[in-house]
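The structure appears below as structure tokens.
Computed from the coordinates by the stated procedures, all read-outs in this text should not be read as laboratory data. Every value quoted in this text rests on a predicted model; they were computed, and no experiment measured them. For neighbour counting, all protein chains shown are included, and Cβ atoms are generated from backbone atoms with ideal geometry for every residue, glycine included.
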Amino acid sequence: MHKHEVVVRFCETDMLGHVNNKNYFVYLEDARIQFFYDAAVIGEKWNYVLASTKCDFVSQAFFHQTLIIESMISRIGNSSFQLDQNILDKDTGNLIAKGESTIVSFNFDKQASEKLSDEVRANLENYLMNV
């Protein structure tokens with residue numbers, strides 16, 4: 001499991017005093033990009049597109065709260081993989097939100113998906129969830 005930490009900034013909250021829903025996607029993206037680097041999923045050039053993403057809001061987050069984003073692989077296909085993420089309160093461990101993304105290996109010259117390399121597949125398997 002990959003872990004990434006963020007601290008909620010004031011500008012990420014709204015008039016209700018909690019983190020605005022759009023910012024959860026920013027946190028998930030921030031952790032996802034760091035996961036790509038740490039898991040050695042990217043090579044010399046960026047060759048992935050985000051096919052889908054969703055976020056379920058479980059509880060509220062607030063200004064200056066420290067959050068941990070856990071990222072793990074739940075599925076590896078021929079040309080894509082699914083990344084599941086949990087946003088947790090660092091102090092309590094309480095679940096704040098759950099994210100899910102489908103990422104596709106993409107050849108931008110051909111404008112088509114392409115098979116995941118054996119090396120990338122092996123690196124992703126290191127983060128595969130135990131089911």
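The distance between label points at Glu29 and Lys90 comes to 2.2 nm (points 7 Å beyond Cα on the Cα→Cβ vector). Close Lys pairs in the range 2-125 (alpha-carbon distance under 27 Å; sequence gap of 8 or more, or different chains): 16.
Within the shell defined by Cβ-Cβ distances under 11 Å, the residues around Ser74 carry a net charge of -1, with Lys and Arg each +1 and Asp and Glu each -1. The fraction of all Cα pairs in the range 13-59 landing in successive 5 Å bins from 0 to the largest distance is 5, 16, 23, 22, 14, 10, 7, 4, 1, given as whole percents.
Per residue, the convex hull spanned by the alpha carbons of the range 73-131 comes to 107 Å³.
Mind checking the angle between helix 21-38 and the chain's longest principal axis? C-alpha axes, 0 to 90 degrees, to the nearest 10. Helix 21-38 sits at roughly 40 degrees to that axis.
Hydrodynamic analysis of the range 1-100 uses the Kirkwood radius over alpha carbon pairs. Inserted into Stokes-Einstein at 4 °C and 1.567 mPa s, it gives a translational diffusion coefficient of 91 µm²/s. Estimated from the Cβ-Cβ distance and a Förster radius of 35 angstrom, the FRET efficiency linking Val58 and Ala122 is about 0.60. For the range 56-91, the residues whose backbone nitrogen is under 14 Å from a point 7 Å from the Cα of Glu5, taken along Cα to Cβ, are 65-70, 88-91.
Length gained on full extension, Ser74 to Lys45: 8.0 nm, using 0.36 nm per residue less the C-alpha separation.
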